[in-house]
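Down below is the structure, laid out as structure tokens.
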Amino acid sequence: MSAERRTLVTGAGGFIGGRLVEVMLQTPGYDPVPSLRRWSSAARIGRHPVEPVLCDILDAARLEEVAGTVDAIVHSAVGNREVTVEGTRNVLEAALRAGVGKVVHLSTVDVYGRATGRVGEDRELVVTDREYGDSKIEAERVCREYAERGLDVVILRPTIVYGPFSELWTVEPAQRLSEGSWLLPKEACMGTCNLVHVDDLVRAVLLALDTDGVSGRAYNVNGPDRPTWQAYVEALNAALDLPPLSPPPSTSARARTTVVEPFRKLVKGVYFRFEDPIMSIYKGSRPARLAMKWLQGLLQRVPSPAEYDLYGRVVDFPTERARSDLGYEPRIGMTDGVASSVEWLLHEGVVVPRE
Amino acid sequence: MNRIAVVGCGAIADTFHLPGLARMPDSPKNLVLVDPDTGRAEKLARRHGASETAASHRDVLDRIDAAIIASPHHTHVPIARDLVEAGIPVLSEKPLGVSLEEVTELAELAEARGVVVAVNQTRRFIPAARELGKLVRSGDLGSPLEVEAVEGDRFDWPAATPSMFGARSGGRGLLLDIGAHVLDLMVEWFGPDLRVDDYLDDSFGGSEASLLVRLSGPDVSIRIRLSWLAKQRNEFVISGPDGRARWGIYDLDRITLERPGGAREVRRASAPGAYSDLAVPVLQDFFAAVGEGTSPAAGPRDVLPSMRLMEECYARRSRFDIPWHDFDGDLSRVG
């Protein structure tokens, strides 16, 4: 690439958007413009001498103003259904109007629902009862609509994205392991963990940005290994230098899930409706804080039915299409990826090493 | 003192000073909210019942009795200077300034004009922190002492401007934020002669979001680990040959004392429940200094030692070894 391409990164305060900005800043040819909904999410990217822009993707006018200053957009912002679907529409509309040359839209393999087996990009997209995957299906439809209207937009469907700063697949399992509260029996975790390191995903994004003639197409983005979930968790546990896992017998673990699940739904519902008063009680009263922490710990420890479903499902998301069209090949295997993740976890004090 | 200006209408004004002013026994009757973003000033004025707004503190010098400065860090001293020169007492957010030089000049100016300048070093008002200070001074834990202060969480402060981050921060972030509180406590407990032995952070030219400071002084060594990136233990531990004291920073009313014979909690009655409750004592301290001539809990001279430490940290900053930050750079295509 001859000149630096100014690229707006939506969701730059998040795990993937934040890493993308960091990588662009150290890769010749890129000039990232991090976009944030709130300044409070600027701490990570603010470590660099960048000037983020404040832009709520539900604000179409503001988006159009910002899109007018860039050559490309990577859309990694995510939220509730409105943000994911209408926000994506706003991003693409702004891109089309401003003449932005390329948009990379980050979707997810959750668009395939609870698929099993070998799941290529032509597999039917399946609506489930989960807002995240379902709204990403709608967002993909919006992408295809704009591709037909002439916008150059590429869809990436990453799998389980882990690595430093991944709350969901690095921080959370590591914390559960270090607290001795990984309570899933081994036989429940024999499904496929389609791990992709965040740097491999970023590699795919950069390749997609620089590939012409693939507008409207979708690509699975997976890592090089297909470990079981048990193998991933054991690798993480070993890298954290923790004692071997000793989960409860399968029947009692399942029983706990059955008992706790209705309670979990109730707590979620109450928290969703009364977040502000609950947080003010949390901050103002020590007994309430201790009680809430206990409850939160319990709900985190006891696996949900969705976890059983995920950890037990045997599924592969092949990346041949990304290889042939984009030239993508994942380079970071589980061993290296887990090692650098744990190095980060310990450095940042997310988990405290055993004395 | 009925006419108070709040200069800077960001999150700290909205969540701390303005609710605090409203809860004071003699809450000031006329509030003027000042912010270059006048829309923001008007929004807060409606929310908190302020009578007037202005775009600049210079527009209101003739009609205020005192001012609270809650603007971006680098503007504290320039604004305070204007106010002090007009004879108006000032309560400034921490850090009072961004360099030792400007804070020293402000201290001299305030003394020359006889105008009160107080700094919101909130932690000086926390009963648990006071208990720790007493314990340190009593020598009960023996000597030498070791201190470990670990504090932080994923940054979630509802910042209204980007002044603390990236290029706009002047490359100074977390240390001026949480660091200003922690270093102030260390100076209060161990005196002004602490020195910086080591300072590491994760700045790549912007605002650091993770840092490590090692300090030492007569009979004390201190390790401070702070983060804006991940939830920490949020605990201060002071250890000596004769015992150990622990303070969980959200427990404003208690510390735990561990002795060879066992552990016990030391509690202070009638402590505030949350940090935001500390606004009232902070404001009362300032108003007493103005009205009754008492010394504020923290004036410009009191924060010079912690300002010096922060400046020394930045002067010798080096980056953590964080290899996961480096991208392998391999963008070659296959196929």
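Against the empirical 2.2 N^0.38 Å scaling, what ratio does the C-alpha Rg of segment B:3-122 come to?
It is 0.98.
Have a look at the DSSP beta bridges in the protein assembly as shown and tell me what percent are antiparallel, nearest 5.
That works out to approximately 40 percent antiparallel.
Points 7 angstrom from Cα along the Cβ direction at residue A:3 and residue A:289: gap in nanometres?
The modelled label-to-label distance comes out at 5.4 nm.
Roughly speaking, what is the centre-to-centre gap between segment A:292-343 and segment B:295-317 when only Cα atoms are used, to the nearest Å?
Each part's Cα centre sits 46 Å from the other's.
How many lysine pairs are close in chain B, with Cα atoms under 30 Å apart and the two 8 or more places apart or on different chains?
6
Would you mind ranking A:170, B:294 by Cβ crowding within 10 Å, fewest neighbours first?
Going from sparsest to densest Cβ surroundings: B:294, A:170.
Rounded if a/c is under 1.5, else prolate if a/b beats b/c, else oblate: with a ≥ b ≥ c from the C-alpha gyration tensor eigenvalues square-rooted, which is chain B?
oblate
Compute a Gaussian network model of chain A, connecting alpha carbons closer than 10 Å, and tell me which residue from A:186, A:265, A:136 fluctuates the most.
A:265
Step through the residues of segment A:142-153 one at a time and calculate ³J(HN,Hα) from phi using the Karplus curve (6.51 cos²θ - 1.76 cosθ + 1.60, θ = phi - 60°), rounding each to whole Hz and writing x for Gly and Pro.
Ordered by residue, 3J(HN,Hα) equals 4, 4, 5, 4, 6, 4, 5, 7, x, 7, 7, 10 Hz.
Quick one: if you stick a label point 7 Å off each Cα along the C-beta vector at residue A:81 and residue A:336, how many nm between them?
Placing both labels 7 Å along Cα→Cβ, they lie 4.2 nm apart.
If we restrict to alpha carbons, what Rg and Dmax does segment B:137-235 come to, in Å?
14.7, 46
Determine, at each q value in 0.11, 0.21, 0.25 (inverse angstroms), the log₁₀ of I(q)/I(0) that the Debye formula gives when each Cα of segment A:150-223 is one equal point scatterer.
-0.41, -0.95, -1.14
Can you compute 3J(HN,Hα) from phi for each residue in segment A:201-214, using the Karplus curve 6.51 cos²θ - 1.76 cosθ + 1.60 with θ = phi - 60°, rounded to whole Hz and x for Gly and Pro?
Karplus-based 3J(HN,Hα) across segment A:201-214 equals 4, 4, 4, 5, 4, 5, 5, 5, 4, 9, 10, 9, x, 10 Hz.
Please state the relative contact order of segment A:118-240 as a whole percent: Cα pairs under 8 Å, 6+ residues apart?
33
Taking neighbour counts of Cβ atoms within 10 Å as a proxy for exposure, in what order, fewest first, do A:162, A:132, A:328, A:308 appear?
The fewest-first ordering by Cβ neighbours comes to A:132, A:308, A:162, A:328.
Taking N as the number of residues in the protein assembly as shown, what value does Rg over Cα atoms divided by 2.2 N^0.38 Å take?
That ratio works out to 1.03.
Treat the count of other C-beta atoms within 10 Å as a stand-in for reagent exposure and order A:24, B:1, A:334 from fewest to most.
B:1, A:334, A:24
Please work out the Kirkwood hydrodynamic radius for segment B:123-319, using every pair of different C-alpha atoms, and report it in angstroms with one decimal place.
17.8
Build a GNM of chain A with springs between Cα atoms under 10 Å: which of A:131, A:167, A:275 gets the top mean-square fluctuation?
A:275
List the residues, sorted by chain then number, that are 5 or more residues from residue B:153 or on another chain and whose placed amide H is less than 5 Å from its amide H.
Close amide H contacts, sequence-distant or interchain: B:227, B:229, B:230, B:232.
Give me the one-decimal nm value for the distance between modelled label points at residue B:221 and residue A:187, 7 Å along each residue's Cα-to-Cβ direction.
Each label point lies 7 Å from its Cα, and together they span 5.3 nm.
Of the residues B:184, B:321, B:251, which exhibits the maximal mean-square fluctuation in a Gaussian network model of chain B defined by a 10 Å Cα contact cut-off?
So, out of B:184, B:321, B:251, the one fluctuating most is B:321.
Which percent of the Cα-Cα distances in segment A:204-290 go past 20 Å?
I get 71 percent for the Cα pairs in segment A:204-290 exceeding 20 Å.
From the helices alone, meaning DSSP H stretches of at least four residues, give me the mean residue ellipticity at 222 nm for chain A, per-run term -39500 (n - 2.57), in deg cm²/dmol to the nearest 500.
-14000 deg cm²/dmol
Once you have a ≥ b ≥ c as the square roots of the Cα gyration tensor eigenvalues for segment B:267-319, tell me rounded if a/c is under 1.5, and otherwise prolate or oblate according to whether a/b is larger than b/c.
Since a/c reaches 1.5 but b/c is at least a/b, the shape of segment B:267-319 is classed as oblate.
Taking R0 as 22 Å, what FRET efficiency do you get between residue B:27 and residue B:58 from their Cβ-Cβ distance, rounded to the nearest 0.05?
It comes to 0.30.
Please enumerate, by chain and number, the lysines with C-alpha under 24 Å from the C-alpha of residue A:265, excluding those fewer than 8 residues away in the same chain.
Within the straight-line cut-off, residue A:265 pairs with A:136, A:283, A:293.
List the aspartates and glutamates whose Cα sits under 15 Å from the Cα of residue A:268, skipping any in the same chain fewer than 8 residues away.
By straight Cα distance, residue A:268 reaches A:131, A:276.
Residues with amide H under 5 Å of residue A:33's amide H, sequence separation 5 or more or different chain, H placed in the peptide plane at 1.01 Å from N; which?
When sequence neighbours closer than 5 places are left aside, the close amide H contacts are A:7, A:8, A:9.
Give me, ordered by chain and number, the residues 5 or more places off residue B:5 or on other chains with an amide H under 5 Å from its own placed amide H.
B:32, B:65, B:66, B:67, B:68
Restricting to segment B:123-319, what percent of DSSP beta bridges are antiparallel, rounded to 5?
If I count the DSSP bridges inside segment B:123-319, around 75 percent turn out antiparallel.
So which trypsin sites (Lys or Arg not before Pro) in segment B:1-39 end up in coil per DSSP with only 15 or fewer other C-beta atoms within 10 Å?
B:29
If you split all Cα-Cα distances of chain A into 10 Å bins from zero, what percentages do you get per bin, shortest first?
With a bin width of 10 Å, the distribution comes to 5, 22, 32, 26, 12, 2, 0.
With Rg and the Kirkwood Rh both taken from Cα atoms, where does Rg over Rh land for segment A:48-148?
1.02
Bear in mind that the values in this text are calculations on the coordinates, not laboratory data. Worth saying up front: this structure is predicted, and the values here are computed from it rather than measured. Neighbour counts are summed over all protein chains in view; Cβ atoms, including those assigned to glycine, are modelled from backbone coordinates with ideal geometry.
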